[in-house]
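Worksheet: one structure, shown below.
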Amino acid sequence: MASRGVNKVILLGRLGADPDIRYLPNNGGKVVAIRLATSEVWKDQAKAKQEHTEWHRLVFFKKLADTAEQYLRKGSKIYVEGSLRTQQWDKNGEKRYRTEVVVRELQMLDRADENGAPRHSSQSSTPPTAANVDGLDEDFDDIPFF
């Protein structure tokens with residue numbers, strides 16, 4: 001293993017928005033992108049509660065894309081494993097970057113309703129953060145999926 005690296009990401013969190021469904025050119029298949037919030041809570045030296053939320057862009061392909069489109073919704077709690085991928089492109093002469101997690105394994109952690117569809121927990125359906133994440137992908141609409 002010394003000659004090879006390891007690129008593995010494990011995340012557990014809540015979705016910040018419904019899935020964004022797109023299609024690769026030339027019938028390349030479906031791509032589903034979702035924002036996932038992971039939060040950590042701790043007490044500072046003054047014993048005051050502190051919280052930090054990190055946002056991750058998840059990308060699903062093939063059968064996982066179909067599953068994500070069908071079952072995942074804003075507020076869903078999920079566990080994913082995958083690998084990091086960074087894309088680079090130019091916009092108006094300026095280099096732009098985006099790092100995302102290409103999901104290889106998905107586990108839905110919400111309880112299912114009687115029809116087998118995932119049901120959100122009785123707690124708030126939005127991730128624990130004060131940040132407004134709507135529009136996070138506005139700068140990325142011009143990026144081709146590949």
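The values are calculated or read from the model by the stated rules, or taken from the named source; none is laboratory data. Quantities reported herein were computed from a predicted structural model and do not represent experimental measurements. A quick note on method: Cβ atoms are made from the backbone with ideal geometry, for glycine too, and the neighbour counts reach across all protein chains shown. Each accessible area value is taken on the protein alone, full model and side chains, heavy atoms only, with ligands, DNA and RNA left out. Shrake-Rupley method; radii C 1.70, N 1.55, O 1.52, S 1.80 Å.
Residues are listed down the side, and each one gets a yes or a no for (1) outside any strand (DSSP E or B); (2) touching an Asp or Glu at 6+ places or on another chain (Cβ under 7 Å):
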site: Thr38; (1), (2): no, yes
site: Val41; (1), (2): no, yes
site: Thr53; (1), (2): no, no
site: Phe60; (1), (2): no, no
site: Ala65; (1), (2): yes, no
site: Glu69; (1), (2): yes, no
site: Arg73; (1), (2): yes, yes
site: Tyr79; (1), (2): no, no
site: Gln87; (1), (2): no, no
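Scan the range 8-43 residue by residue and report those that are open to solvent by 50 Å² or more (accessible area, probe 1.4 Å) and farther than 18 Å from Ile78 by Cβ.
Within the range 8-43, Arg22, Tyr23, Pro25, Asn26, Asn27, Val41, Trp42, Lys43 qualify.
For the subset of the range 9-36 comprising residues that are out of contact with any Pro (no Cβ under 8 Å at 6 or more places or on another chain), of a type in the set (D, E, K, R) and part of a strand (DSSP E or B), which member is nearest to Lys63 (Cα to Cα)?
The qualifying residue nearest to Lys63 (Cα to Cα) is Lys30.
Do we find that Glu40 is without any contact (Cβ under 8 Å) to a residue 24 or more places away in the chain and touching a Ser or Thr at 6+ places or on another chain (Cβ under 6 Å) in this structure? Lay out the reasoning, then the answer.
Working: without any contact (Cβ under 8 Å) to a residue 24 or more places away in the chain: yes; touching a Ser or Thr at 6+ places or on another chain (Cβ under 6 Å): no.
In short, no.
Being within 24 Å of Arg111 (Cβ to Cβ) and under 14 Å from the mean Cα position of the chain (by Cα) is the requirement here; does Val32 meet it? Before you say what the answer is, go through the steps one by one.
Working: within 24 Å of Arg111 (Cβ to Cβ): yes; under 14 Å from the mean Cα position of the chain (by Cα): yes.
Yes, satisfied.
Looking only at residues in the range 69-88 that are under 16 Å from Leu15 (Cα atoms) and charged (D, E, K, R), which one is surrounded by the fewest Cβ atoms within 10 Å (Cβ to Cβ)?
The qualifying residue surrounded by the fewest Cβ atoms within 10 Å (Cβ to Cβ) is Glu81.
Which of the residues spanning the range 91-113 are open to solvent by less than 30 Å² (accessible area, probe 1.4 Å) and without any contact (Cβ under 8 Å) to a residue 40 or more places away in the chain?
Asp110
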